[in-house]
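Notes follow the structure.
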Amino acid sequence: MYKVYVHPLGSQLRNGCFAAFGAAGAENDFPSGFTQLLNDFVAKEVGINIGAIRFYERKGLLEPAARSEQNNRLYTEHELKWLVFIKCLRETGMSVEDIKMYHGKVKEGTSTLPGRIKLIQDQKQKLLDDIEEKKAQIVHLEQKLERYYRGENY
């Protein structure tokens, strides 16, 4: 169980870091000036749990977090937005390896925009293809239901 701490000044504190993740029950170890929030903040607001964040750090999708004096992880608003995008890409079915490649291209700068555009366009096309496949599956199920409604046994 983890808690999230957010400073009321947002990104103006601690080199732009505004959120710290620490163990539940450690009410007195959050950075000075941070406001303690409910431990479901990450799941509700960001949509990524602490275990996933650590996994993404280990896989190189996210730079290792800055740490507070109490060793709590500190994340910038930019990092939290990147985590939300990682979650989006994973939900589209993009592999961790492809996200890592994409992230590497982002770090290289704007010269990699054409490659990034292609990667995102390809993922978008996969989703569109998946949607068409799901539509066909729905049609098949509807046809089966119509036969059952007519009293057919197959």
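Each reported figure results from applying straightforward, stated rules to the coordinates on display, with no laboratory input. This one's a predicted model, so the numbers in the text were calculated from it and none came from an experiment. Neighbour counts run over all protein chains shown; Cβ positions are idealised from the backbone, glycine included.
Starting from 0.36 nm per residue, how many nanometres of slack lie between K59 and K124 once their C-alpha separation is accounted for? Don't jump to the answer; show the numbers that get you there.
Values: separation 65, 0.36 × 65 = 23.40 nm, distance 2.34 nm.
Stretched fully, the K59-K124 segment lengthens by 21.1 nm.
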*I138 versus N153, label points 7 Å from Cα toward the beta carbon: distance in nm?*
3.2 nm
_As an exercise, use a Förster radius of 30 Å and the Cβ-Cβ distance of E69 and K100 to find the FRET efficiency, rounded to the nearest 0.05._
0.45
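Going down the table (K105/K126; K59/K118; K59/K105; K87/K107; K81/K135; K59/K124), which pairs top 25 Å between alpha carbons? Could you put the intermediate results ahead of the total?
Working: K105/K126 21 Å; K59/K118 23 Å; K59/K105 16 Å; K87/K107 19 Å; K81/K135 32 Å; K59/K124 23 Å.
Listed pairs above 25 Å: K81/K135.
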